[in-house]
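Working notes, beginning with the structure itself.
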Amino acid sequence: MNHRSSIWASLIVLLLFAAGCGRSGIEVTVIGLTPDTKSLLVLASLRNHPTAQLIQPVNGRLDSFWIQVPADDDVLMLNVGAIGETGCRVAEGTVADVSVPTDRIEVVLTSLAAPGCSVRVALVGDGQGKVVSEPAGIDCPGTCTATFEPGAMITLRGIPSSDVAFFAGWAQACSGIGECRLRVTDSQTVVQAGFLSSKVCRGAFCWESPLPQGNALRALYVRSEQDAWAVGGGGTILHWIGSTWAPVRSGTSVELWGIYGRDDKLWVVGDGGTILYYDGASFSSLKSPTTANLTAISGNATEIFIAGEKGTFLKGTGSVFGQVGAAPSVTLHGLSVSDSEVWAVGDTGTALRYRSGRLDEIPTGTSESLASVTERASGEVWAAGGNGVVLKWNGAAFSKQILGSKQSLRALWRTPKGELFCVGDVGTLFRFDGSSWTSVGTGTVANLFAVHGSAAGDAWAAGDAGTLLRWNGVSWTSLQSLLLEPLLSVGSMDGTTLLSMGSSGRIRQRIAGVWHLLDGGPGFSIENAWIGAGEVWAVSGNLLFRWAVPAGETKPRWTVYNLAPFVLNSVSRRSYDPTGKQVDVQVVSREGVHFTITGSPTAPSIVQRTLVNAPLHSVTSLSATEGWTVGDAGIALHLIGGFVVATASNTTNQLINVFGLSADDVWAVGENGTILHWDSIGWSKLDGGTNRTLRGIWASSPTDVWIVGDRGTVLFYDGKKFTAVPSGASNDLYAVTGTPSSTVFVVGESSAILSGGRSSFP
């Protein structure tokens, strides 16, 4: 029984059944029903559509029912369990390897020696651990399903398997982080146990900041105070289990935009026509009728609707979906589904109403993109979108409502009491009490994309950089800790201590695996920084900053050099004086100007040269006499011995970054996936397998080259070929560096900090 139960745990609900003749399919006859049988639990494991369904008596009969099988499928196994008075199995039978088409299947039930109540444990999260039961029976992983006597009281304990993992808590049948004590009364009781590592790892990299992760969260679905779900960029799915957000394996890395739940089941939609189904234990992919990006999903007790780009408007029962009507060819962003009608809204002020099998476009009086729609009461529908637009439908027409904000509004949620919450960009949140809208402080400036809750006093909002806010009925509190900003530079001052800098001018330092904000940053947005042995050089606007310990002192301090009127883009140190008495760096600007700063830190010699009449974006030093700078239109200049040599880069694409290991091993990257390599003779173009903009590059050797770029792109070069490395991020990534321990660190937008390495992937 344990084997069959584990199979059942991974199945998708698709079974269609009927009690009478006249329907195509397979007639199933059940032999050996016990007198106390009240229902049947049927498992039909199909080649393409595994299914399960609890069948209630129809016309007083359980011994005969029908299975509707898709024409393209085969029945591999049929398992029938008889559920008795206590709600637990009293008998079961299995028929395997049945070929379709066939007209009839006969299943013989065998009575169990004692009624069996099944308990199943599902492990979630990225940490390792096990769950054991008392009395014995469950020891998961291994044995995750066990049968106990009806009414038995059992205790489950979560035990982390290592020092880097911790038990995060229970979900579904239990909650909290202590022991799970429950009385077994159902045919199958499902308990989720969450184990997390100190980092959230996905792909080859782990998130170090923000936590629990930093991808944008696009949609929420909240069942209760202990059970909430969030989905977003990079295939992110998070599950709130009452104490923490646990990552859940989605099986995809595409952007996820919508989530809907019914009972213990979930449906998630995303880019490329992605439709995921959660059966209570794990996610699997459903066959999609489209490759269009899917942006929203909602449903009622019998039907589920999906909306997306190019007028995609799908309807289905949860397993099979098809296009409904002819919708305008615009992207639809929001859905609201009731028992009587469906509303969809999207670009250019589009609003669609589906009622009685008919899809109609309803005038809205606005051309702003509409992102969300919800039905507040019968005949009262609200929509929100760009430029602070809020619309109210009164049953006959839409009218504009005044909220006093021009920020784009992204999501609406109606509380059980009929109040409305509306969230949007820059932390915007409004509350409607039934008569007027009020602005509510959120304590964040992150863009908010979703809001949903289970009660008037319990809700969540989510947005950029993994932002999660919780409403307790009085105020919103944030789960974020560090400042959210683009991080543009990362490096090591001593080989082990890592620093990262970005638009706030604050410095992040990694101490014992945890990133901390340091006091005393320059106070300006840092566009680029060189971080190396004992020093930090950074540029911001027309200012050049040095952070180092002055000669004769013990603490570092900032020195500022004004290079006005030029806008500085990049800095690199040419040579290093361990005494701190001499400086030697080079800087390039947006105006094509190159600076060399040498001599005393307090009174250096600054030499200024105009190299080109175009922006220079990056400079790197190979030695005190040799370096490279790159810029717009494929500019690649070799700086050697006081001379500047223009080289043919063989591209007109903008070059954003340059990095050199030696005179015959220099790399440059830029827009449209451009990757160039200099071998002392000329530049050669390499194919990294992407057309995304590449922004950062670092190498420890010719066989250990790392490149990062937009939408979470990470590439590794082993001296022969490029490998796309799963980063687990959908953020744009700006800089990369490594340590002697072979750990690679990547930083990017929204304070993204990731760590990984070659050992993390095949």
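Projecting label points 7 angstrom from Cα along Cα→Cβ for ASP36 and LEU483 puts them 6.7 nm apart.
Under 5 Å between amide hydrogens, built in the peptide plane, is the criterion, and for ALA246 it picks out HIS239, TRP240, ILE241 among residues at least 5 positions away or on other chains. Whole-percent P(r), the range 487-703, all Cα pairs, 10 Å bins from 0: 8, 35, 37, 18, 3, 0. Classification of the range 272-418 by its C-alpha gyration tensor yields a prolate form. The axis ratio a/c (a ≥ b ≥ c) is 1.5 or more, and a/b outweighs b/c.
For the range 117-196, the fraction of C-alpha pairs farther apart than 22 angstrom is 15 percent. Distance between the pseudo-spin-label points of ASN672 and THR625 (7 Å out from Cα toward the beta carbon): 3.8 nm. Between ASP139 and ASP264, what's the calculated FRET efficiency when r is the beta-carbon distance and R0 is 30 Å? Round to 0.05. Efficiency at R0 = 30 Å is approximately 0.80.
So if we plug the beta-carbon distance of LYS400 and LYS310 into 1/(1 + (r/R0)^6) with R0 = 30 Å, what FRET efficiency do we get, rounded to 0.05? Taking R0 as 30 Å, the efficiency between LYS400 and LYS310 is 0.60.
Taking a ≥ b ≥ c as the square roots of the Cα gyration tensor eigenvalues, with a/c under 1.5 meaning rounded and otherwise prolate when a/b beats b/c, else oblate, which class fits the chain? Because a/c hits 1.5 or more and a/b exceeds b/c, the chain counts as prolate. Each DSSP beta bridge with both residues in the chain is either parallel or antiparallel, and the antiparallel ones are about 95%. Just going by the charge dipole of the chain, with Lys and Arg at +1 and Asp and Glu at -1 on Cβ, which of TYR277, THR143, SER338 is farthest out on the positive end? Result: SER338. Among all the aspartates and glutamates, which ones have a C-alpha under 15 Å from LYS417's C-alpha, if same-chain residues fewer than 8 places away are not counted? LYS417 reaches GLU375, GLU380, ASP433, ASP458. Is the C-alpha gyration tensor of the range 192-272 telling us rounded, prolate or oblate? Criteria: a/c under 1.5 is rounded; beyond that, a/b larger than b/c is prolate, otherwise oblate. In terms of gyration-tensor shape, oblate. Helical content of the chain, expressed as a calculated mean residue ellipticity at 222 nm, amounts to -500 deg cm²/dmol (DSSP H runs of 4 or more residues, -39,500 (n - 2.57) each, divided by residue number, nearest 500). A Förster distance of 51 Å, applied to the separation of the beta-carbon atoms of ILE681 and VAL320, puts the FRET efficiency at 0.30. How far apart, in nm, are two points set 7 Å out from the Cα along the Cα-to-Cβ line at GLN582 and at ALA455? Once both label points are built, they end up 7.1 nm from each other. Extension gain, PHE524-VAL445: 0.36 nm per intervening residue step, less the Cα-Cα distance, totals 26.6 nm.
An ellipsoid equivalent to the range 266-339, defined through the eigenvalues of its Cα gyration tensor, has semi-axes of 19, 14, 10 Å when rounded to whole angstrom and sorted largest first. Taking a straight line from the alpha carbon of LYS310, these lysines sit under 29 Å away, with near neighbours fewer than eight places off in the same chain left out: LYS265, LYS287, LYS392, LYS400, LYS406. You can think of it this way: the chain between ALA533 and ALA614 has 26.0 nm of extra reach, that is 0.36 nm per residue less the Cα-Cα gap. List the aspartates and glutamates whose Cα lies under 15 Å from the Cα of LYS38, skipping any in the same chain that are fewer than 8 positions away. Leaving aside aspartates and glutamates fewer than 8 places away in the same chain, those within reach of LYS38 are ASP63, GLU85, GLU92, ASP186. For the chain, a crude dipole built from +1 on the beta carbon of Lys and Arg and -1 on the beta carbon of Asp and Glu, taken about the Cα centre, is about 820 debye to the nearest 20.
Within the range 641-738, the ratio Rg/Rh, alpha carbon atoms throughout and Rh by Kirkwood, equals 0.96. The Stokes-Einstein estimate for the range 403-521, based on a Kirkwood radius over Cα pairs and taken at 20 °C with 1.002 mPa s viscosity, is a diffusion coefficient of 133 µm²/s. Counting every pair of alpha carbons in the range 354-424, the share spaced more than 15 Å apart comes to 54 percent. For a paramagnetic label modelled on THR559 (point 7 Å from Cα along Cα→Cβ), amide N atoms under 19 Å away belong, within the range 623-663, to 624.
A short reminder: the numbers here are calculations on the coordinates, not readings from a lab. It should be emphasised that the depicted structure is a prediction, and the values quoted were computed from it without experimental measurement. Ideal geometry is used to build each Cβ from the backbone, glycine not excepted, and the neighbour counts take in all protein chains shown.
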